[in-house]
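Data first, discussion second: the structure below is written as structure tokens.
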Amino acid sequence: MLHRRIRPSLQPLHRPLCVLVFHLLLTHICTGQSLLKGPPQPIVATVGGDVILPCHLEPAADVAAMTLEWTRPDLNSIFVLAWRAGQDLTNAKHPVYDGRTSLFADELRRGNVSLKLSDVRPSDAGKYKCFIPKLWKDAFVQLVVGAVSSPVITLAGLDKKVGGVMLDCESAGWYPEPEVSWLDGEGHVLSAGPTETVRGPDDLYTVSSRVTVDKRHSNSFTCRVQQNHINQTRETHTSRSQVETRNIDVWMDNQQRFSFL
């Protein structure tokens, strides 16, 4: 009689191993599917104001206890903000961001890692990196900083050679550097002198331009200052009657000075 060899069952050993592999696989798949997302378009901020750099985890997950980092590649990985064990490590920030960056602590449980930047400066413009080391996920946000102001038109004097008047246009407090143009009442560009640009210690630009107008031109004039990168335009208008009134004022002022001399 032949005896069949009975092998010990491996089922008790296979089950815990399969469960472990399943959990590891599930963790890997879930981690692989989570994404850290930033905005698809650059964020535009105004000098002196506050701005939020969006960054969030999808699907949402609690990241309050995780290490969270905001950096700028051009700052050699020095932190714009570092979050450790539920605390903002203020001593780890780059000095230029001291007291100006923060997270929304109540939103971290929902996967919101957005950065709030206060008192925006021209030097803040650039690319920012949002990073969660535990998940090895990152996202990038491009910040564009701008500053604008309305131009002012003044009468610069008389041009006796062409029988016209000279108008000056000046606009201070722009960033980045804008362009200046003069237009007549029909929207045609007038021929003007070269734009003068001065950059102040606050990194803001002051621009000025001069144009000479006479009777051949229309009844109104516009000085336009625009910056295409931040999609901002400011205009100031003046009419021929205003120019003529100023012309008389200048003429009378010159006459008084001549009489005094």
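Side notes on the structure shown:
- Verdict on Trp182 being under 19 Å from the mean Cα position of the chain (by Cα) and surrounded by 15 or more Cβ atoms within 10 Å (Cβ to Cβ): no
- There is at least one residue in the range 183-190 that is touching a residue at least 24 places away in the same chain (Cβ under 8 Å) and part of a strand (DSSP E or B).
- Arg224 vs. criteria of a type outside the set (Val, Ile, Thr), buried (at least 16 other Cβ atoms within 10 Å of the Cβ) and in contact with a strand residue (DSSP E or B) (Cβ under 9 Å, 6 or more places away or on another chain): yes
- Close pairs (6 angstrom Cβ cut-off, 6 or more residues apart or separate chains): over 12 Å from Arg109 (Cα atoms) in the range 56-70, in a loop (DSSP other than H, G, I, E, B) anywhere: Thr67/Pro133; Leu68/Val113
- The range 130-155: number of residues that are more than 30 Å from Ser239 (Cβ to Cβ), among the β-branched types (Val, Ile, Thr) and either modelled with pLDDT under 95 or open to solvent by 20 Å² or more (accessible area, probe 1.4 Å) (or both): 1
- Test for Leu158: is it open to solvent by less than 40 Å² (accessible area, probe 1.4 Å) and out of contact with any Leu (no Cβ under 6 Å at 6 or more places or on another chain): no
- Residue satisfying all of: in the range 161-179; assigned to a loop (DSSP other than H, G, I, E, B) and farther than 19 Å from Val44 by Cα; most open to solvent (accessible area, probe 1.4 Å) among these: Lys161
- Filter result for Val21 (at pLDDT below 95 and over 30 Å from Gly146 (Cα atoms)): yes
- Residue list for the range 130-152, restricted to those being among the β-branched types (Val, Ile, Thr), out of contact with any His (no Cβ under 8 Å at 6 or more places or on another chain) and part of a strand (DSSP E or B): Ile132, Val141, Val145, Val152
The values are calculated or read from the model by the stated rules, or taken from the named source; none is laboratory data. Worth saying up front: this structure is predicted, and the values here are computed from it rather than measured. Every residue, glycine as well, gets a Cβ built from its backbone with ideal geometry; the counts of neighbours run over all protein chains shown. For the accessible areas, the whole protein counts, side chains as well, though only heavy atoms, and no ligand, DNA or RNA atoms are used. Shrake-Rupley method; radii C 1.70, N 1.55, O 1.52, S 1.80 Å.
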